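The values are calculated or read from the model by the stated rules, or taken from the named source; none is laboratory data. Every value quoted in this text rests on a predicted model; they were computed, and no experiment measured them. Note that we place each Cβ from the backbone using ideal geometry, even for glycine, and neighbour counts take in every protein chain shown.
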Amino acid sequence: METMVIRGGRRLQGTVTASGSKNASLAIMAACLLADGTSRVTNVPDVQDIRTMCTMLEILGARARMQDNVFTLDPKGFASRPAPYELVKTMRASIYVLAPLLSRFGKAQVALPGGCAIGQRPIDQHLKGLEALGAQVSLEHGYIHTAAPHGLKGADIYLDVASVGATVNIMLAAVLAAGKTVIDHAACEPEIVDLAEGLNRMGADIKGAGSSRIEIKGQRQLGPMEHRVITDRIEAGTLAVAGAITAGDITIRSFPGRHLTALEKKLGEAGVEVVPAAGDAVQIKRLQERLAPVDIVTLPYPGFPTDLQAQWMALMCLAAGRSVVTETIWENRFLHVAELKRMGADIQIEGSNALVRGGALLSGAQVMASDLRASAALILAGLVAEGETTVSRIYHLDRGYEQLEEKLASLGADIQRIRE
């Protein structure tokens, strides 16, 4: 078991580079299964979820390799095998192999992913889309069984919820389906755009990614991909909040400003300046000693990301006044509140709202991470807390942040990973 120990009170200064997008990488890794030939993807973060996906791809017979943030996949041995629960339960994005299995072999068997700590994530929209494309779907003994004995055919699909996961799976199925597919009310996230660009490099014909209507003309076959993954907007946003919460002066390279407009505007309202620097970098500087309280509402892209909600709440614990954090995406995403309160935060939950009364002095404490983003929020709080903060269950952090403690330490944080 590993823990993170942070001794607060240090102002962050210096330059740091944001890593590639975990969520975009996972979808693109699954897309490589559709190619005839070896694909090469760069800027892939070396995090646990990526390693889990590599294991999944190898279980399915493909040869997957990660080295120096470069992912290569040779699908030569790719075969129709079950995607086991032991892996799917640890990472929901494993379900992205469902569509490639169905497209290449006409059948697929993938374990049901179930729920998670932040709330239920139903897959009904995934299955609805595949059925519209001609798949037969059944649920047996905890597994999704799909078959398309006559092949997949293009269709008009309307998603009841703009689900990123469902949009990914339908795109992966439609690129090799006969005819044209239209996805209405599709997810608009940058990771969807990046997937579309990668698939188009393989020879797919996808238009409209990034809007609520995506059009796909199916192809007979796809070639291998050469692609560079976009920056992880959530890691970049977390680093920006780290600079703000410590009243620091940091520069973040590879900052995806066009993907973080909502965060930039809210930081400005709070009294934090986000200034363009050389190239794709930005400088994060606090303009005033006390932060102004700023309300946020989490929304699908381009709204304020739910994956930055916990980090923002930690920041608002220092604001001079009351702010309201409203969570509209996941029903259980306030699990970090109890841990922040252990550090002296004044937060009250009322339904989907968290009322944060800022200004209280945070003090170091032993706290426990409940999920990936909560772990980041507790580390951010520890950066400004008086004394020592110990964050346990940081395996959550390792799922999606590449060497976060090393990046923070390079900026002057007193942070150390301890192996018990």
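Among the strands (runs of 3 or more DSSP E) contained in the stretch 223-296, which hold 1 or more residues that are acidic (Asp, Glu)? Lay out the reasoning, then the answer.
Numbers: elements: 226-228, 249-253, 272-276, 282-286.
Correct list: 226-228, 249-253, 272-276.
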Could you please let me know if ALA196 is in contact with a strand residue (DSSP E or B) (Cβ under 9 Å, 6 or more places away or on another chain), in contact (Cβ under 8 Å) with a residue 12 or more places away in the chain, outside the structural domain of LEU362 (by TED's automatic domain parsing) and among the aliphatic types (A, V, I, L, M)? yes
Provide a single number: the residues in the stretch 24-45 that are in contact with a Leu (Cβ under 9 Å, 6 or more places away or on another chain) and not small (Gly, Ala, Ser). 9
Given the condition under 27 Å from LYS107 (Cβ atoms), aliphatic (A, V, I, L, M) and surrounded by fewer than 21 Cβ atoms within 10 Å (Cβ to Cβ), answer yes or no: does some residue in the stretch 29-41 qualify? no
In the list ILE183, ILE170, which residue meets the criterion of being out of contact with any Asp or Glu (no Cβ under 9 Å at 6 or more places or on another chain), crowded, with 24+ Cβ neighbours inside 10 Å and not aromatic (Phe, Trp, Tyr)? ILE170
When restricted to PRO256, PRO302, PRO276, PRO293, the only residue in the same structural domain as SER410 (by TED's automatic domain parsing), more than 23 Å from SER392 (Cβ to Cβ), surrounded by fewer than 23 Cβ atoms within 10 Å (Cβ to Cβ) and out of contact with any strand residue (DSSP E or B) (no Cβ under 9 Å at 6 or more places or on another chain) is PRO302
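How do the strands (runs of 3 or more DSSP E) wholly within the stretch 27-118 filter down when requiring 2 or more residues that are in contact with an Asp or Glu (Cβ under 8 Å, 6 or more places away or on another chain) and at pLDDT 95 or above: which remain?
Filter on the stretch 27-118 gives 39-42, 63-67.
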Go through ILE379, ILE329, ILE415 for me and flag whichever is at pLDDT 95 or above and either over 21 Å from the mean Cα position of the chain (by Cα) or assigned to a loop (DSSP other than H, G, I, E, B) (or both). ILE415
Could you please find all residues in the stretch 131-150 being surrounded by 15 or more Cβ atoms within 10 Å (Cβ to Cβ) and either of a type in the set (A, V, I, L, M, F, W, C) or part of a loop (DSSP other than H, G, I, E, B) (or both)? ALA132, LEU133, GLY134, ALA135, VAL137, ILE144, ALA147, ALA148
Selection status of ARG220, of a type in the set (Lys, Arg), surrounded by fewer than 24 Cβ atoms within 10 Å (Cβ to Cβ), modelled with pLDDT of 95 or more and part of a loop (DSSP other than H, G, I, E, B): yes
Quick one: count up the residues across the stretch 186-205 that are farther than 20 Å from ARG258 by Cα and surrounded by fewer than 22 Cβ atoms within 10 Å (Cβ to Cβ). 4
Would you call ASP124 touching a Lys or Arg at 6+ places or on another chain (Cβ under 9 Å), farther than 20 Å from ILE28 by Cα and surrounded by fewer than 19 Cβ atoms within 10 Å (Cβ to Cβ)? no
Here is a list: ARG322, ARG342, ARG333. Which entry is more than 22 Å from ILE394 (Cβ to Cβ) and among the basic types (Lys, Arg)? ARG322
